[in-house]
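Q: Below you'll find the structure I mean.
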Amino acid sequence: MPQIIDGKKISQQIKDELKTEVAELAKKGRHACLAVIQVGDDPASSVYVNNKKKACAYIGIESRAYELSENTAEDELVGLVEQLNEDDGVNGILVQLPLPAHIDEDKIIKAISPDKDVDGFHPVSVGRLWIGEKGFLSCTPAGIIQLLKRSDIQIEGKECVIVGRSNIVGKPMAALLLRENGTVTVAHSRTKNLREITRRADILVAAVGKERFITKEYIKDGAVVIDVGIHRDAQNHLCGDVDFEDVESAASAITPVPGGVGPMTIAMLMNNCVQTIRTQEERS
Ligand code: NDP
């Protein structure tokens, strides 16, 4: 049986550590406030936004909700972001994605001040990540690094293969594994002989966006398998990009879905919010 990497437990540990740190910073007069903007009322986005608000309340971070109508004009949204950039009472700004089709997401991401970019999506944050400067890390990949480290899985010197090259998962994952001295390969839909490549992996990260895509044939015996995907199958069960039952017998460690990578994303978002007050503290 492989080690089941428990994202629920690890994310709870991180949130508890952050709660203690926030209480200590509050004694020194440092407070964090996260502005959360949602445009429209997509049910999945509402669930994510509510979970973020709950996590803020648990840790002791103030959250300010901006719920805008589906018809909000792009300029209006940019205006709100710019206003929040200037507001000294707000340390972090999060715009829940996806946005309605008439709004250019890239334009909104770029409107957020890099100093308040707690999602880590701004080009400045991405650049800082790649050149090894301190900055906000993209939450899901940062959460995966924590899962590995806190499960005593060594990254240094390991063959790491990521399937997927999106801006929010695959690419920042590659940068972070490289930073941890892994040897990194990024595969995608145009990759030839995918199985040969994934079977080299000591650590395989599946961010394909396809239900139960990674089966036993894709993994080397004893590999660590990290499943980023989230899907509802035909039976309405949550499942990932990895066929857990099939892969389980060959992996040395594996993340389940649910309860693996998913809970880490919010924990790392909270970490980025606390980072904003750590930075204030360091500068004073
Ligand atoms: P995207 O759809 O943006 O990217 C999917 C990637 O997989 C692309 O790079 C694509 O390649 C690649 N791909 C697709 N088909 C194949 C294939 N047959 N062979 C090899 N590569 C392939 O997805 P995201 O990165 O945004 O998300 C990935 C998964 O993770 C989704 O299931 C999503 O729901 C989940 N997710 C979970 C989060 C969490 O908190 N747990 C957070 C974010 C995402 P190409 O670039 O060539 O098109």
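The values are calculated or read from the model by the stated rules, or taken from the named source; none is laboratory data. Being a predicted model, the structure only gives us computed values, none of them experimental. Reconstructed Cβ throughout: ideal geometry from the backbone, glycine too, with neighbour counts over all protein chains shown. We work out accessible area using only protein heavy atoms, side chains counted, and drop any ligands, DNA or RNA first. Shrake-Rupley method; radii C 1.70, N 1.55, O 1.52, S 1.80 Å.
Q: Can you tell me which residue within region 222-268, out of those that are within 17 Å of ILE168 (Cβ to Cβ) and β-branched (Val, Ile, Thr), is most open to solvent (accessible area, probe 1.4 Å)?
A: It comes out as ILE230.
Q: Taking the condition of being in contact with a strand residue (DSSP E or B) (Cβ under 9 Å, 6 or more places away or on another chain) and surrounded by fewer than 24 Cβ atoms within 10 Å (Cβ to Cβ), how many residues in region 209-221 meet it? Break it down stepwise before answering.
A: If we filter region 209-221 for residues that are in contact with a strand residue (DSSP E or B) (Cβ under 9 Å, 6 or more places away or on another chain), which is where we start, we get 209-215, 218-220.
Imposing the further condition that a residue be surrounded by fewer than 24 Cβ atoms within 10 Å (Cβ to Cβ) reduces the set to 209-213, 215, 220.
The qualifying residues number 7.
Q: Could you please let me know if ILE197 is modelled with pLDDT of 95 or more, touching a strand residue (DSSP E or B) at 6+ places or on another chain (Cβ under 6 Å), within 11 Å of the ligand (Cβ to nearest atom) and in a helix (DSSP H, G or I)?
A: Numbers: modelled with pLDDT of 95 or more: yes; touching a strand residue (DSSP E or B) at 6+ places or on another chain (Cβ under 6 Å): yes; within 11 Å of the ligand (Cβ to nearest atom): yes; in a helix (DSSP H, G or I): yes.
So ILE197 fits the description; yes.
Q: Any residue at all in region 113-121 that is crowded, with 19+ Cβ neighbours inside 10 Å, within 30 Å of SER252 (Cα to Cα), within 15 Å of the ligand (Cβ to nearest atom) and within 17 Å of the chain's Cα centre (by Cα)? Spell out the reasoning first.
A: Taking region 113-121 and keeping what is crowded, with 19+ Cβ neighbours inside 10 Å, we get 116-121.
In the following step, the residues that additionally are within 30 Å of SER252 (Cα to Cα) were identified as none.
So far as region 113-121 goes, no, none of its residues is crowded, with 19+ Cβ neighbours inside 10 Å, within 30 Å of SER252 (Cα to Cα), within 15 Å of the ligand (Cβ to nearest atom) and within 17 Å of the chain's Cα centre (by Cα).
Q: Out of SER46, SER63, SER151, I need the residue that is open to solvent by 10 Å² or more (accessible area, probe 1.4 Å) and at pLDDT below 95. Which one?
A: Values: SER63 fails: at pLDDT below 95; SER151 fails: at pLDDT below 95.
Among SER46, SER63, SER151, only SER46 is open to solvent by 10 Å² or more (accessible area, probe 1.4 Å) and at pLDDT below 95.
Q: Taking interchain pairs and intrachain pairs at least six residues apart, which have beta carbon atoms under 9 angstrom, with the first residue in region 201-221 and in a strand (DSSP E or B) and the second hydroxyl-bearing (Ser, Thr, Tyr) and within 13 Å of the ligand (Cβ to nearest atom)?
A: Partner pairs satisfying both residue conditions: LEU204/THR198; LEU204/TYR218; ALA206/THR198; ALA206/TYR218; ILE214/THR198.
Q: Could you grab me the full set of residues in region 79-110 that are closer than 16 Å to VAL39 by Cβ, open to solvent by 20 Å² or more (accessible area, probe 1.4 Å) and either outside any loop (DSSP other than H, G, I, E, B) or touching a Pro at 6+ places or on another chain (Cβ under 9 Å) (or both)?
A: Result: GLY79, LEU80, GLU82, GLN83, GLU105, ASP106, LYS107, ILE109.
Yes or no, residue by residue, for (1) closer than 25 Å to ASN167 by Cα; (2) among the acidic types (Asp, Glu); (3) modelled with pLDDT of 95 or more; (4) not in a loop (DSSP other than H, G, I, E, B):
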residue: GLU245; (1), (2), (3), (4): no, yes, yes, yes
residue: ALA251; (1), (2), (3), (4): no, no, yes, no
residue: MET268; (1), (2), (3), (4): yes, no, yes, yes
residue: ARG278; (1), (2), (3), (4): no, no, no, yes
